[in-house]
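J.: Before I ask anything, let me first share the structure, which is written out below as structure tokens.
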Amino acid sequence: MNREMRKKERQASQQAVKEMLLRGTEGTLSMHGDDGYPYGLPVNYIYFHDAIYIHTLNQGYKIDALKANPKVCFSIIVRSEIIPRLYTARYESIVATGDAEFVENESERKQVMEAFVSRFSPGLEEGGAKFIKASLGRTAIVKIRIREIKGRTFRYDAAVEKARS
């Protein structure tokens, strides 16, 4: 699928993409849905051990769709700021494609959930451990093995603004 970005000057370096992945908190998981229609769902995620992880209830449409076809796209808007007077926006975004797999190893499942607690509930690790113990049995952990990832940035500084006016 390796398509070239049209505006190459906006493509982020791989190091910048990793930094954006670590700053982001939500993304849209897109997968193959019923009757040939795509299915996209906003979710929280973590970037952990060079993969994107989500957690969800272990049943439902998302689970069925991922079992039927594990090929996914994951998009993240890390930052976006509309600049009305200039008819544009500053932004940082990521699009990743990959293969989703269900994490079955109990040690890895627990590590991932602990990483979620550390990321989204810092300072509440003790309560998080209790929550993980109570909910892990009904939780699916989905790991997206990234096949391709690209980041786009447009910071729109004063020089660009002057050139446009």
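None of the figures in this text is laboratory data; all of them are computed from the coordinates on show. Remember, it's a predicted structure, so these values are computed and weren't measured experimentally. With ideal geometry, Cβ positions are generated from the backbone for all residues, glycine too; neighbour counts draw on all protein chains shown.
J.: For the chain, calculate the relative contact order in percent as a whole number, restricting contacts to Cα pairs under 8 Å that are 6 or more residues apart. Walk me through the intermediate numbers first.
T.: On the way: 271 pairs, mean separation 46.6, N = 165.
Relative contact order of the chain: 28 percent.
J.: For the chain, what is the calculated [θ] at 222 nm in deg cm²/dmol (nearest 500), taking -39500 (n - 2.57) for each run of four or more DSSP H residues and dividing by its residue count?
T.: Values: 5 runs with 51 residues, N = 165.
The helix contribution divided over the chain gives -9000 deg cm²/dmol.
J.: Placing +1 on the Cβ of each Lys and Arg and -1 on the Cβ of each Asp and Glu in region 30-97, which of Gly40, Val95, Tyr61 has its Cα farthest towards the positive end of the resulting dipole?
T.: Of the listed residues, the answer is Val95.
J.: Skipping prolines and chain starts, which residues have an amide H placed within reach, meaning under 5 Å, of the one on Gly33, given they are 5 or more residues away or on another chain?
T.: Tyr39
J.: Now, a different point. Can you give me the distance in nm between label points at Ile63 and Asn44, each placed 7 Å from the Cα along the Cα-to-Cβ direction?
T.: 2.0 nm
J.: Please tell me the relative contact order of region 4-93 in percent, rounded to the nearest whole number, where contacts are Cα pairs under 8 Å and at least six residues apart. Provide the component values of the computation, followed by the final result.
T.: Working: 107 pairs, mean separation 24.6, N = 90.
Relative contact order comes out at 27 percent.
J.: In whole Å, what are the extents of region 20-65 along the principal axes defined by its C-alpha atoms, from largest to smallest?
T.: Here the spans come out as 35, 20, 16 Å, largest first.
J.: For region 43-84, what mean projected area does the convex hull of the alpha carbons give, in nm²?
T.: Here the figure is 4.7 nm², rounded to one decimal.
J.: Any idea how many Lys pairs in the chain come in under 13 angstrom at the alpha carbon, given 8 or more places apart or on separate chains? Write out the running numbers ahead of the final one.
T.: Details: Lys7/Lys150; Lys8/Lys150; Lys18/Lys150; Lys62/Lys71; Lys67/Lys143; Lys71/Lys143; Lys110/Lys130; Lys110/Lys133.
Counting lysine pairs in the chain gives 8.
J.: Can you pull out the chymotrypsin sites (Phe, Trp or Tyr not before Pro) in region 31-133 that DSSP calls coil and that have at most 11 other Cβ atoms within 10 Å?
T.: Tyr87
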